[in-house]
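Read through the structure below, which is laid out as structure tokens, and then see the notes.
The values are calculated or read from the model by the stated rules, or taken from the named source; none is laboratory data. Everything quoted here is computed from the prediction, not taken from an experiment. All Cβ positions, even for glycine, are placed from backbone atoms using ideal geometry, and neighbour counts span all protein chains on display.
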Amino acid sequence: MFEAIPSPFLAPFDGEFRIKDYPTAPPKDGLSKHECKKRLQELSVSLSDLQRVLYAQSEYSLLLIFQAMDAAGKDSTVRAVMDSVDPNGCQVYSFQAPNSEELKHDFIWRTVNKLPPHGRIGIFNRSYYEEVLIVKVHPELLKGQKIEPADLNKKFWNNRYESILDHEKHLARNKTVILKFWLNISKKEQKKRFLSRIDEPQKNWKFCADDINERQYWDDYMREYQSTISKTSRSWAPWYAIPADNKPYMRMCVADIIVATLRSLGLNYPRLGPNEFKDFKKMRELLEDE
């Protein structure tokens, strides 16, 4: 199975992930915003080339999962990083609150038929991880799943973590490469971005009062992100805690990990056998004789 690419943002696999150990901002002596954008352009070219080989070889699929607090930049990161990728080889799904049909099934079910087939890149903007994050902070949301408050004990949540691990290991065994990105924004930077949504007319449409209400649960969310990442970061499905206070730096880091991962797979265009080359020769003669 795939092994995680080393990175200072890689969450450990021993259950010892601690948010305080992971910065929300880039290093002070790091690349400038201009340099980050230039590097992202270079990585985009590489990603485009690798995606074509991934598609042609059709041996692996790549699943990218993005989770974050509101205003961390999930949407813009997906756009910026995947800008040069052929749309035929990529698919993006954004998961909102489950509908009535989805509530009739287990909590992973609705994402299963959205998984990328071999040869394609699939992106989950939010995912089944909402079911151990937002519903743990707001357990009243589980009423739609006919789960009673008395059932919400340690065993219940551990069973959900175990289901996620089993699901992801099954995917990894069958050559779906999984990368999970938590965009780690600070509460101070989130406030700044919310204010810009209020003050800048072109961003007004992004503003939602519910986002402000959720800030009162910040510490609860941080606790659950820490717990979830600790319990579900594995070598075959790693979590990366990416600093999100600086968007150009964040996007560059995400792209760098994706490109390094695809390179590690040893992708190659399919090689034709002797019989296929003979067929090519016949086809060439037919075309030239038209």
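For the range 39-92, name all the residues that are assigned to a helix (DSSP H, G or I) and in contact with a strand residue (DSSP E or B) (Cβ under 8 Å, 6 or more places away or on another chain).
GLN51, LEU54, LYS74, ASP75, THR77, VAL78, GLY89
So which residues in the range 141-182 are free of Cβ contacts under 8 Å to residues at least 60 places away in the same chain, under 30 Å from SER58 (Cα atoms) and surrounded by 15 or more Cβ atoms within 10 Å (Cβ to Cβ)?
SER163, HIS167
Scan the range 86-99 and tell me whether some residue there is more than 14 Å from ILE242 (Cα to Cα) and among the β-branched types (Val, Ile, Thr). Working first, answer last.
Within the range 86-99, the first condition is being more than 14 Å from ILE242 (Cα to Cα), and the residues that meet it are 86-99.
Add one more test, that the residue is among the β-branched types (Val, Ile, Thr), and what stays is 92.
Yes, the range 86-99 has at least one match.
Please work out which residue is modelled with the highest pLDDT, limiting yourself to the range 43-77 and to residues that are more than 30 Å from ALA209 (Cβ to Cβ) and β-branched (Val, Ile, Thr).
VAL53
Which of the helices (runs of 4 or more DSSP H) found entirely inside the range 190-290 contain at least 1 residues meeting this: out of contact with any Pro (no Cβ under 6 Å at 6 or more places or on another chain) and in contact (Cβ under 8 Å) with a residue 40 or more places away in the chain?
It comes to 209-214, 218-232, 247-264.
Can you pull out every residue in the range 96-150 that is small (Gly, Ala, Ser) and within 23 Å of the chain's Cα centre (by Cα)?
Of everything in the range 96-150, those that are small (Gly, Ala, Ser) and within 23 Å of the chain's Cα centre (by Cα) turn out to be ALA97, GLY119, GLY122, SER127.
Residues in the range 1-26 that are closer than 22 Å to LYS187 by Cα and part of a loop (DSSP other than H, G, I, E, B): how many?
Step one: list which residues in the range 1-26 are closer than 22 Å to LYS187 by Cα, which gives 8-11, 17-26.
Restricting the remaining residues to those that are part of a loop (DSSP other than H, G, I, E, B) gives 8-9, 11, 17-18, 22-26.
Total satisfying the criteria: 10.
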